[in-house]
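Asker: Please see the structure below; I have some questions.
Read-outs throughout are calculated quantities, based only on the coordinates presented, and are distinct from any laboratory measurement. On a predicted model such as this, the values are computed, not experimentally measured, just so you know. Cβ placement follows ideal geometry from the backbone for every residue including glycine, while neighbour counts extend to all protein chains displayed.
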């Protein structure tokens, strides 16, 4: 008999990411370089059932940033699409509306519910889309996404907030966080569909308390992974967890349990703990 799943909690970390983790975000290059060597192990990940999967890039990311995820998940048998709206330049109304419409279109076209995988800010778009069209969504997976920003505002490093002000909005992330669409996401927690939040304690961009959620036992979870923020989409262990989460039969969601050689490695590098 399986144990009763624990209720997910936000990670207790306070403040921005540790300075050391911010300074060593460049290690994402090593994570990407290791990915080809991990392919033999990744080929042991479960095959999918062909349902549609929509990938959503992080801030300043575009379709190219999703190539690792897209190629791997297509190989596992999913009907993978990326958002198709160019570069993600902030949580803007037109993109939020477009994501919702794309989810509805993919659901209508395939006749099947859509899984959403959002990296960083892409996870906020995924969360919004799932709240707006829950009847079309199978599950949501976020990778280092700021899904639980507190009232005091983002705790990302100053350089990240400055970049957001320069490119997205002069008032920074808080301006878009106060949009009616973004406020709906916060006010409607917990999400009425399965949700897996992948987070790293060594993330140098989004601190763990913002990348984890308080949710419902048996429907939501926080999964600790090793690695940098900017390398999440090329991290072999992250890809393995995503494949595991997507492979669950529809309507039979259960919390993540590491298995196989990659699961053992995951347990060594990022032991799971209540978040």
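Asker: Pick from 167, 223, 213 the residue whose mean-square fluctuation is largest in a GNM of the chain, springs joining Cα atoms under 10 Å.
Answerer: Maximum fluctuation in the GNM of the chain, among the listed residues, is at 167.
Asker: Here is a follow-up. Would you calculate the separation in nanometres between label points at residue 269 and residue 150, each defined as 7 Å from the Cα along the Cα-to-beta-carbon direction?
Answerer: Inter-label distance under the simple model: 3.0 nm.
Asker: Please give the length that would be gained between residue 166 and residue 26 if that part of the chain were fully extended, namely 0.36 nm times their separation in residues minus their C-alpha to C-alpha distance (nm, one decimal).
Answerer: Working: separation 140, 0.36 × 140 = 50.40 nm, distance 2.19 nm.
That works out to 48.2 nm of additional length.
Asker: Ok, one more. When the chain is fully extended, how far beyond the present Cα-Cα distance does residue 159 get from residue 6, taking 0.36 nm per residue of separation?
Answerer: Numbers: separation 153, 0.36 × 153 = 55.08 nm, distance 3.60 nm.
Working it through step by step, the gained length comes to 51.5 nm.
Asker: Now for a different question. Considering the chain as a Gaussian network with a 10 Å cut-off on Cα pairs, which listed residue, 246, 127, 106, attains the greatest mean-square fluctuation?
Answerer: Comparing 246, 127, 106 in the GNM, the peak value goes to 106.
Asker: Still on this structure: Most exposed first by the Cβ proxy, i.e. fewest other Cβ within 10 Å, how do 232, 73 rank? Write down the numbers at each step before the final one.
Answerer: Details: 232 30, 73 23.
So the residues, fewest neighbours to most, are 73, 232.
Asker: How many nm is it between the label spots at residue 43 and residue 214, if each spot is 7 Å from the Cα in line with the beta carbon?
Answerer: Here the modelled spin labels are 4.7 nm apart.
Asker: Spin-label point model (7 Å from Cα, Cβ direction): what's the residue 101 to residue 259 distance in nm?
Answerer: 4.1
Asker: Based on the Cβ-Cβ distance of residue 19 and residue 247, what FRET efficiency does E = 1/(1 + (r/R0)^6) give at R0 = 45 Å, to the nearest 0.05? List each step's numbers first, then the result.
Answerer: Numbers: r = 38 Å, r/R0 = 0.84.
The pair residue 19/residue 247 has a calculated efficiency of 0.75.
Asker: Measuring from centroid to centroid over Cα atoms, what is the spacing of the stretch 197-261 and the stretch 93-172 in Å?
Answerer: One Cα centre to the other: 16 Å.
Asker: Here is a follow-up. Please report, in Å, the Rg and the Dmax of the chain, where both are computed over Cα atoms only.
Answerer: Calculated on Cα positions, Rg and Dmax stand at 17.1, 54 Å.
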